[in-house]
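First up is the structure itself, then whatever we jot down about it.
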């Protein structure tokens, strides 16, 4: 009997993967939960938030990476949320300015720079990273038909 790989049995790991059998990063898990094709750039997640989480996923140790598991579900729906991109961009720049000074806002990808800053800051930075994402997604209202249970059921039914 082969083991069924699902969002409930995978363990978060670094890098991009070809399939869940090889492991998943936090954004690949989000694509599974959203019922999308397996990818680390799911349409259901805001582009900038996805960049932050991909970078943070790869920058932290394995123990802290597992704390990102619930965030994969929390960020599903942000890609289609009206006004979320603007709020996310402003929050990233505000955090970077506070952490690194005004010059940090000139980075090629501020979300990636912020993720690396939090990862280097140890346990305190880890809590700040988790709170950063939770605070951003607290305002996202997911319609009942897009609830995580509905997404998981839809993904299961496609198999």
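The values are calculated or read from the model by the stated rules, or taken from the named source; none is laboratory data. Nothing here was measured: the structure is a model prediction, and the numbers come from that model. Here the Cβ positions follow ideal geometry from the backbone for every residue, glycine too, while neighbour counts run over all protein chains shown.
What to note about this one:
- Residues of segment 20-63 satisfying the condition of being within 23 Å of residue 83 (Cβ to Cβ) and part of a loop (DSSP other than H, G, I, E, B): 34, 36, 41, 42, 43, 44, 45, 46
- Residue in segment 127-139 that is farther than 17 Å from residue 28 by Cβ, in a helix (DSSP H, G or I) and at pLDDT below 80 present: yes
- Residue match in segment 3-19 (condition: assigned to a helix (DSSP H, G or I), surrounded by fewer than 21 Cβ atoms within 10 Å (Cβ to Cβ) and either at pLDDT below 90 or within 10 Å of the chain's Cα centre (by Cα) (or both)): no
- Listed by first and then second residue, the pairs with beta-carbon distance under 6 Å, at least 6 apart or on different chains, first residue in segment 33-56 and touching a residue at least 24 places away in the same chain (Cβ under 8 Å) and at positive phi, second assigned to a helix (DSSP H, G or I) and surrounded by 19 or more Cβ atoms within 10 Å (Cβ to Cβ), are 35/151.
- Scanning segment 57-85 for residues that are on the phi > 0 side of the Ramachandran plot and either modelled with pLDDT of 90 or more or surrounded by fewer than 19 Cβ atoms within 10 Å (Cβ to Cβ) (or both) returns a single hit, 83.
- Among the residues of segment 30-46, those that are closer than 17 Å to residue 137 by Cα and surrounded by 15 or more Cβ atoms within 10 Å (Cβ to Cβ) comprise 30, 31, 33, 34, 42, 44, 45, 46.
- Filter pass, residue 95 being under 21 Å from the mean Cα position of the chain (by Cα), surrounded by 19 or more Cβ atoms within 10 Å (Cβ to Cβ) and either farther than 14 Å from residue 55 by Cα or modelled with pLDDT of 90 or more (or both): yes
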